[in-house]
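Here the structure comes first, spelled out in structure tokens, and everything after it is commentary.
The values are calculated or read from the model by the stated rules, or taken from the named source; none is laboratory data. All figures in this text were calculated on a predicted structure; none of them were measured in a lab. Backbone-built Cβ (ideal geometry, glycine too); neighbour counts: all protein chains shown.
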Amino acid sequence: MVAVCLVPALAGAQSVELSGVVTLAHGDHRVDAGLGVERATGLLVGGATRLRRRGIALTISGETGHLTAVRGSGGIDRDVSQLGAVAEFTPLPWLVLESGVTLRSFGTVVARQRWTLVRAGAEARVPLSGDTFWALGHAHLLPLVSVNGLPNAATAFDAGTGLAYRRGRLLFDLTYTLERCDFPSQGSTRRSEQLGTLALRGGAELRLH
């Protein structure tokens with residue numbers, strides 16, 4: 001709904017900034033369903049497009065990849081793909097308020113698991129060298145995490161940190177994010193999942209008139 005409202009306003013506005021980045025990330029997925037931690041790691045690739053005017057922005061992103069089970073962890077290989085939309089508001093130069101949704105899919109030889117994650121939070125940006133180099137930190141609560149075959153998550157959040165660099169129209173950042181979801185107990189079993197990503201992004205920004 002936020003995307004539907006923002007896109008016409010941004011597209012029709014003057015001095016709209018359009019940026020595009022390519023993402024290369026290492027993913028680390030861990031599942032604890034009461035029988036020990038199952039772990040799978042691998043490479044994710046994707047990209048994102050961002051429309052921004054003054055303090056309002058909309059970002060659409062997507063990633064896909066294959067995670068290979070770590071030997072001895074008891075897990076199995078899985079494919080992962082996800083699509084996300086995030087609306088941003090910048091009330092202060094160093095603070096960005098964010099809200100969005102992510103649709104994610106894990107596929108294995110056994111089944112396909114579909115996730116819907118709604119998140120809201122903020123990102124802080126601390127300049128280290130003028131407007132060229134800065135540190136990032138973000139945190140989000142996930143009030144709704146819906147997974148087919150499981151009850152909705154009882155508690156969920158993500159948090160991360162990183163560095164960003166901008167020179168002219170070129171954009172680069174390196175960030176680490178950890179997302180964790182804890183599900184309600186079913187009998188004597190309590191399930192938790194976490195996804196850690198170390199991501200490198202690079203791209204360019206254009207100004208539309």
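When Leu198, Leu206, Leu171 are checked against the criterion of being in a strand (DSSP E or B), touching a Phe, Trp or Tyr at 6+ places or on another chain (Cβ under 6 Å) and of a type in the set (A, V, I, L, M, F, W, C), a single residue qualifies: Leu198.
In the range 126-161, which residues are assigned to a loop (DSSP other than H, G, I, E, B) and surrounded by 12 or more Cβ atoms within 10 Å (Cβ to Cβ)? Full working, then the answer.
Taking the range 126-161 first, the residues assigned to a loop (DSSP other than H, G, I, E, B) are 130-132, 148-154.
Selection gives Thr132, Leu150, Pro151, Asn152, Ala153, Ala154.
Residue count for the range 102-125 satisfying the condition of being touching a residue at least 24 places away in the same chain (Cβ under 8 Å), closer than 24 Å to Gly75 by Cα and surrounded by 12 or more Cβ atoms within 10 Å (Cβ to Cβ): 10.
Filtering the range 162-197 to residues that are exposed (fewer than 15 other Cβ atoms within 10 Å of the Cβ) and of a type in the set (Ser, Thr, Tyr) leaves Tyr176, Ser185, Ser188, Thr189.
Between Leu103, Leu97, Leu51, Leu58, which is assigned to a strand (DSSP E or B) and under 20 Å from Phe172 (Cβ atoms)? Don't jump to the end; show me each part of the working.
Working: Leu103 fails: under 20 Å from Phe172 (Cβ atoms); Leu97 fails: under 20 Å from Phe172 (Cβ atoms); Leu58 fails: under 20 Å from Phe172 (Cβ atoms).
From the options Leu103, Leu97, Leu51, Leu58, the qualifying one is Leu51.
Do the conditions hold for Ile76, that is, is it outside any strand (DSSP E or B), among the β-branched types (Val, Ile, Thr) and either on the phi < 0 side of the Ramachandran plot or surrounded by fewer than 15 Cβ atoms within 10 Å (Cβ to Cβ) (or both)? So Ile76 passes the test.
A single member of Thr132, Thr175, Thr161 is more than 23 Å from Gly75 (Cβ to Cβ) and modelled with pLDDT under 95, and it is Thr132. Within the range 19-41, the set of residues being under 30 Å from Leu170 (Cβ atoms) and either under 16 Å from the mean Cα position of the chain (by Cα) or among the hydrophobic types (A, V, I, L, M, F, W, C) (or both) comprises Gly20, Val21, Val22, Thr23, Leu24, Ala25, His26, Gly27, Asp28.
Those residues that are among the polar types (S, T, N, Q) and in contact (Cβ under 8 Å) with a residue 40 or more places away in the chain, I need them from the range 167-209; list them, please. Let's see the steps before the verdict.
From the range 167-209, those among the polar types (S, T, N, Q) are 175, 177, 185-186, 188-189, 192, 194, 197; that's our starting set.
Selection gives Ser188, Thr189, Ser192, Gln194, Thr197.
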